[in-house]
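Colleague: Below is the structure I would like to discuss, written out as C-alpha coordinates.
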Amino acid sequence: MIDKRMEEAINKQINEELYSAYLYLSMSAWFDSIGLKGFANWMMVQYKEETDHAMKFYNYLQSQGAEVKLFAIKEPPHSWDSPLHAFEETLKHEQHITKCINELVDLAEELKDRATYNMLQWFINEQVEEEENDREIIDKLKLIEGSRHGIYMIDRELAQRKYTPEI
Ligand code: FEO
(Lines give C-alpha, C1' and ligand atoms only; values in the text may rest on other atoms or scores of the structure.)
Protein backbone atom coordinates (compact mmCIF):
# COMPACT_ATOMS: atom_id res chain seq x y z
CA MET A 1 0.00 0.00 0.00
CA ILE A 2 1.39 3.39 -0.89
CA ASP A 3 0.40 6.93 0.07
CA LYS A 4 -2.10 8.72 -2.23
CA ARG A 5 0.44 11.49 -2.86
CA MET A 6 2.93 8.94 -4.13
CA GLU A 7 0.27 7.21 -6.22
CA GLU A 8 -0.55 10.53 -7.89
CA ALA A 9 3.12 11.40 -8.43
CA ILE A 10 3.83 8.00 -10.05
CA ASN A 11 0.78 8.34 -12.30
CA LYS A 12 2.20 11.69 -13.47
CA GLN A 13 5.56 10.00 -14.07
CA ILE A 14 3.88 7.34 -16.24
CA ASN A 15 2.66 10.23 -18.38
CA GLU A 16 6.17 11.77 -18.49
CA GLU A 17 7.61 8.45 -19.66
CA LEU A 18 4.90 8.00 -22.29
CA TYR A 19 5.54 11.54 -23.54
CA SER A 20 9.26 10.65 -23.74
CA ALA A 21 8.32 7.63 -25.86
CA TYR A 22 6.15 9.83 -28.09
CA LEU A 23 8.90 12.44 -28.46
CA TYR A 24 11.48 9.85 -29.53
CA LEU A 25 9.03 8.14 -31.88
CA SER A 26 8.47 11.53 -33.50
CA MET A 27 12.23 12.03 -33.76
CA SER A 28 12.58 8.57 -35.28
CA ALA A 29 10.01 9.45 -37.95
CA TRP A 30 11.79 12.75 -38.66
CA PHE A 31 15.24 11.09 -38.98
CA ASP A 32 13.71 8.51 -41.30
CA SER A 33 12.16 11.28 -43.42
CA ILE A 34 15.58 12.88 -43.98
CA GLY A 35 17.20 9.55 -44.91
CA LEU A 36 19.11 8.92 -41.68
CA LYS A 37 18.01 5.35 -40.97
CA GLY A 38 20.67 4.73 -38.30
CA PHE A 39 19.57 7.77 -36.28
CA ALA A 40 15.95 6.65 -36.81
CA ASN A 41 16.85 3.21 -35.44
CA TRP A 42 18.52 4.72 -32.36
CA MET A 43 15.42 6.78 -31.61
CA MET A 44 13.11 3.79 -32.22
CA VAL A 45 15.06 1.81 -29.60
CA GLN A 46 14.78 4.80 -27.28
CA TYR A 47 11.02 4.90 -27.87
CA LYS A 48 10.73 1.23 -26.84
CA GLU A 49 12.85 1.77 -23.73
CA GLU A 50 10.63 4.66 -22.68
CA THR A 51 7.49 2.54 -22.97
CA ASP A 52 9.30 0.02 -20.73
CA HIS A 53 9.94 2.78 -18.19
CA ALA A 54 6.25 3.69 -18.21
CA MET A 55 5.36 0.02 -17.74
CA LYS A 56 7.80 -0.36 -14.84
CA PHE A 57 5.89 2.38 -12.99
CA TYR A 58 2.54 0.94 -14.12
CA ASN A 59 3.44 -2.54 -12.85
CA TYR A 60 4.78 -1.10 -9.61
CA LEU A 61 1.49 0.70 -8.88
CA GLN A 62 -0.43 -2.48 -9.58
CA SER A 63 1.85 -4.53 -7.36
CA GLN A 64 1.08 -2.05 -4.56
CA GLY A 65 -2.68 -2.33 -5.10
CA ALA A 66 -2.69 1.33 -6.20
CA GLU A 67 -4.79 2.88 -8.94
CA VAL A 68 -3.25 3.44 -12.40
CA LYS A 69 -4.54 6.60 -14.09
CA LEU A 70 -3.58 7.39 -17.67
CA PHE A 71 -3.61 11.05 -18.71
CA ALA A 72 -3.58 12.69 -22.16
CA ILE A 73 -0.17 12.66 -23.85
CA LYS A 74 1.07 16.04 -25.10
CA GLU A 75 1.81 16.45 -28.82
CA PRO A 76 5.56 16.33 -29.50
CA PRO A 77 7.38 18.52 -32.06
CA HIS A 78 7.51 17.04 -35.57
CA SER A 79 10.81 18.38 -36.89
CA TRP A 80 14.16 19.75 -35.75
CA ASP A 81 16.78 22.04 -37.33
CA SER A 82 19.50 19.37 -37.51
CA PRO A 83 20.58 16.05 -35.94
CA LEU A 84 22.57 18.09 -33.40
CA HIS A 85 19.48 20.10 -32.51
CA ALA A 86 17.43 16.90 -32.03
CA PHE A 87 20.06 15.45 -29.68
CA GLU A 88 20.40 18.70 -27.74
CA GLU A 89 16.64 18.63 -27.22
CA THR A 90 16.89 14.96 -26.20
CA LEU A 91 19.49 15.78 -23.55
CA LYS A 92 17.41 18.71 -22.30
CA HIS A 93 14.41 16.42 -22.03
CA GLU A 94 16.37 13.73 -20.16
CA GLN A 95 17.64 16.36 -17.71
CA HIS A 96 13.99 17.23 -17.06
CA ILE A 97 13.20 13.53 -16.47
CA THR A 98 16.16 13.25 -14.07
CA LYS A 99 14.67 16.16 -12.11
CA CYS A 100 11.27 14.36 -12.01
CA ILE A 101 12.90 11.16 -10.71
CA ASN A 102 14.80 13.12 -8.07
CA GLU A 103 11.54 14.72 -6.94
CA LEU A 104 9.98 11.25 -6.61
CA VAL A 105 12.96 10.20 -4.48
CA ASP A 106 12.49 13.30 -2.29
CA LEU A 107 8.81 12.42 -1.83
CA ALA A 108 9.66 8.79 -0.98
CA GLU A 109 12.08 10.07 1.66
CA GLU A 110 9.51 12.49 3.06
CA LEU A 111 6.89 9.70 3.28
CA LYS A 112 9.44 7.16 4.56
CA ASP A 113 8.27 4.98 1.66
CA ARG A 114 11.14 2.52 1.50
CA ALA A 115 9.64 0.25 -1.16
CA THR A 116 9.22 3.12 -3.63
CA TYR A 117 12.62 4.53 -2.69
CA ASN A 118 14.14 1.16 -3.51
CA MET A 119 12.27 0.85 -6.83
CA LEU A 120 13.48 4.33 -7.85
CA GLN A 121 17.17 3.39 -7.55
CA TRP A 122 16.97 1.65 -10.94
CA PHE A 123 15.72 4.89 -12.51
CA ILE A 124 18.47 6.96 -10.90
CA ASN A 125 21.11 4.76 -12.53
CA GLU A 126 19.22 4.68 -15.82
CA GLN A 127 19.12 8.49 -15.98
CA VAL A 128 22.90 8.73 -15.54
CA GLU A 129 23.29 6.33 -18.48
CA GLU A 130 20.74 8.14 -20.65
CA GLU A 131 22.30 11.56 -20.18
CA GLU A 132 25.76 10.13 -20.81
CA ASN A 133 24.63 8.47 -24.08
CA ASP A 134 23.12 11.73 -25.31
CA ARG A 135 26.23 13.74 -24.38
CA GLU A 136 28.47 11.29 -26.27
CA ILE A 137 26.42 11.65 -29.45
CA ILE A 138 26.28 15.45 -29.08
CA ASP A 139 30.08 15.55 -28.73
CA LYS A 140 30.49 13.51 -31.91
CA LEU A 141 28.03 15.69 -33.81
CA LYS A 142 29.89 18.81 -32.70
CA LEU A 143 33.22 17.31 -33.69
CA ILE A 144 32.18 16.68 -37.29
CA GLU A 145 30.75 20.24 -37.63
CA GLY A 146 27.92 19.11 -39.91
CA SER A 147 30.15 17.30 -42.46
CA ARG A 148 28.11 14.88 -44.60
CA HIS A 149 30.72 12.18 -44.33
CA GLY A 150 30.73 12.53 -40.54
CA ILE A 151 26.93 12.29 -40.36
CA TYR A 152 27.06 9.17 -42.55
CA MET A 153 29.63 7.55 -40.23
CA ILE A 154 27.57 8.34 -37.11
CA ASP A 155 24.44 7.08 -38.87
CA ARG A 156 26.14 3.74 -39.49
CA GLU A 157 27.17 3.52 -35.85
CA LEU A 158 23.69 4.35 -34.53
CA ALA A 159 22.20 1.70 -36.82
CA GLN A 160 23.89 -0.91 -34.59
CA ARG A 161 21.84 -0.12 -31.49
CA LYS A 162 19.64 -3.03 -30.46
CA TYR A 163 16.61 -3.05 -28.21
CA THR A 164 16.86 -5.14 -25.06
CA PRO A 165 13.62 -5.23 -23.04
CA GLU A 166 14.01 -3.51 -19.68
CA ILE A 167 11.02 -5.15 -18.02
FE1 FEO B 1 12.57 7.18 -19.12
FE2 FEO B 1 14.65 8.53 -20.88
O3 FEO B 1 13.77 8.49 -19.28
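Colleague: Of everything in region 19-63, what is within 10 Å of the chain's Cα centre (by Cα), hydroxyl-bearing (Ser, Thr, Tyr) and either surrounded by fewer than 22 Cβ atoms within 10 Å (Cβ to Cβ) or outside any helix (DSSP H, G or I) (or both)? Give them in sequence order.
Modeller: Tyr19, Tyr22, Tyr47, Thr51
Colleague: Moving on. Checking the conditions here, which among Lys112, Lys56 is modelled with pLDDT of 95 or more, on the phi > 0 side of the Ramachandran plot and of a type outside the set (Gly, Ala, Ser)?
Modeller: Just one listed residue meets the conditions, Lys112.
Colleague: If you don't mind, there's one more thing I want to ask. Those residues that are among the aliphatic types (A, V, I, L, M), closer than 19 Å to Glu89 by Cβ and within 16 Å of the ligand (Cβ to nearest atom), I need them from region 125-160; list them, please.
Modeller: Within region 125-160, Ile137, Ile138 qualify.
Colleague: Please state which of the following conditions Thr116 fails to meet, knowing it meets all the rest: (1) more than 16 Å from the ligand (Cβ to nearest atom); (2) of a type in the set (Ser, Thr, Tyr); (3) assigned to a loop (DSSP other than H, G, I, E, B); (4) surrounded by 13 or more Cβ atoms within 10 Å (Cβ to Cβ).
Modeller: So Thr116 meets the others, but not (3).
Colleague: Kindly check whether there is at least one residue in region 81-95 that is more than 16 Å from the ligand (Cβ to nearest atom) and closer than 19 Å to Glu126 by Cβ.
Modeller: There is no residue in region 81-95 that is more than 16 Å from the ligand (Cβ to nearest atom) and closer than 19 Å to Glu126 by Cβ.
The values are calculated or read from the model by the stated rules, or taken from the named source; none is laboratory data. These numbers were taken from a predicted model, which means no experiment stands behind them. With ideal geometry, Cβ positions are generated from the backbone for all residues, glycine too; neighbour counts draw on all protein chains shown.
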